[in-house]
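Below is one structure; the comments refer to it alone.
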Amino acid sequence: MTGAAGTIRLAVVTVVRDDLSGLLATRASLRAQTTAAYDWFVADGGSGDGTACWLADHRDETVWWRSSPDRGLYDAMNIAMDAIAERSPPSCSHVLFLNAGDRLADDRVLERLLPLLAAHPDAGLLYGDALEALPGGRLVVKRARSHRRALLGMFTHHQAMVYRLAESSGCRFDLRHGLAADYAFTLSILKQGLPAQRLPLTVCIFAGGGRSQQDPAGGRREQAIIRREVLGLGFAANATLWGLQWLALTLRQTIPWLYAKYRFSPNERSLLS
């Protein structure tokens with residue numbers, strides 16, 4: 001597929017460590033797509049659960065993979081980004097980070113996504129909704145907020161964001177931020193001033209349980225540092241935003257039904273179906 005900026009092809013980056021079952025779930029989601037206009041890059045952090053052997057046995061399914069110790073999730077993403085940048089000639093126009101265990105929302109996501117990317121060739125960032133699993137396996141739609149509200153934090157799941165490589169090729173994840181480097185990365189892309197485009201599309205099924213969910217207070221602290229460093233936000237504004245984030249988290253933990261009513265939309269599918 002081609003757009004005003006040339007051929008549209010997606011680089012899908014998957015990072016994994018000791019989660020072969022999650023990697024296989026992600027792989028099944030990609031293989032189920034009705035179009036194969038993507039290249040799969042897999043960075044394994046030196047797993048000991050058979051992941052490296054599986055990757056070696058299925059090397060024909062990836063355009064690049066490695067299995068070697070790294071410094072964590074964001075370091076692995078940087079390594080994969082370097083691998084994409086080093087490909088000559090470049091084959092991909094955009095990148096999507098779909099970690100082990102994450103899946104595309106259905107088997108037609110890429111079929112619908114690629115024409116949208118072609119229709120917005122100047123957008124540096126495109127983003128859509130995500131599906132989340134509630135206790136009991138019910139899937140709900142978590143609607144993306146506008147990127148204009150990025151000061152409040154990530155406005156959709158990272159796995160529902162697609163970055164144009166022309167803008168992100170010089171950006172890397174800041175390893176000082178172990179929980180919110182994806183937020184810093186996204187703000188850096190937005191700071192370049194190119195259009196960001198909200199997509200009428202549910203992109204992914206988010207696999208919960210990550211470090212940012214396990215340590216939300218740490219994530220908020222990192223976001224405050226990032227807002228100060230990347231956007232120059234002062235102490236008073238940062239404190240106000242931190243308070244709003246704390247209120248949202250408290251609401252989710254203490255009155256989950258009210259938070260769900262505000263933040264989620266019904267979805268007919270179930271993880272158990």
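A search for C-beta distances below 9 Å between a residue of region 173-185 that is free of Cβ contacts under 8 Å to residues at least 24 places away in the same chain and any residue that is assigned to a loop (DSSP other than H, G, I, E, B), counting only pairs 6+ apart in sequence or on different chains, returns 185/171; 185/172; 185/173; 185/174. Kindly list, by first and then second residue, each pair from a residue in region 94-115 that is under 15 Å from residue 127 (Cα atoms) to a residue that is hydroxyl-bearing (Ser, Thr, Tyr) and not in a helix (DSSP H, G or I), limited to pairs with Cβ atoms under 6 Å and residues at least 6 apart or on different chains. Correct list of pairs: 95/163; 98/14; 105/202; 110/35. For region 22-68, the set of residues classified as open to solvent by 50 Å² or more (accessible area, probe 1.4 Å) and within 22 Å of the chain's Cα centre (by Cα) consists of 24, 27, 28, 31, 32, 34, 36, 63, 64, 65, 66, listed by residue number. In the set 240, 156, 186, only one residue is modelled with pLDDT of 70 or more, β-branched (Val, Ile, Thr) and open to solvent by 20 Å² or more (accessible area, probe 1.4 Å); that residue is 240. Could you look through region 119-142, keep only residues that are of a type in the set (A, V, I, L, M) and open to solvent by less than 20 Å² (accessible area, probe 1.4 Å), and pick out the one that is farthest from residue 195 (Cα to Cα)? Once the filter is applied, the top-ranked residue is 139. Filtering 176, 172 for residues that are more than 18 Å from the chain's Cα centre (by Cα), closer than 18 Å to residue 222 by Cα and at pLDDT 95 or above leaves a single hit, 176. Residues in region 21-42 include none that are in a loop (DSSP other than H, G, I, E, B), of a type outside the set (S, T, N, Q) and within 29 Å of residue 180 (Cβ to Cβ).
The values are calculated or read from the model by the stated rules, or taken from the named source; none is laboratory data. The structure displayed is predicted, hence computed values, not measured ones. Don't worry about glycine lacking a Cβ; one is built from the backbone with ideal geometry, like all the others, and counts go over all protein chains shown. Calculation scope for accessible area: heavy atoms of the full protein, side chains included, ligands and nucleic acids excluded. Shrake-Rupley method; radii C 1.70, N 1.55, O 1.52, S 1.80 Å.
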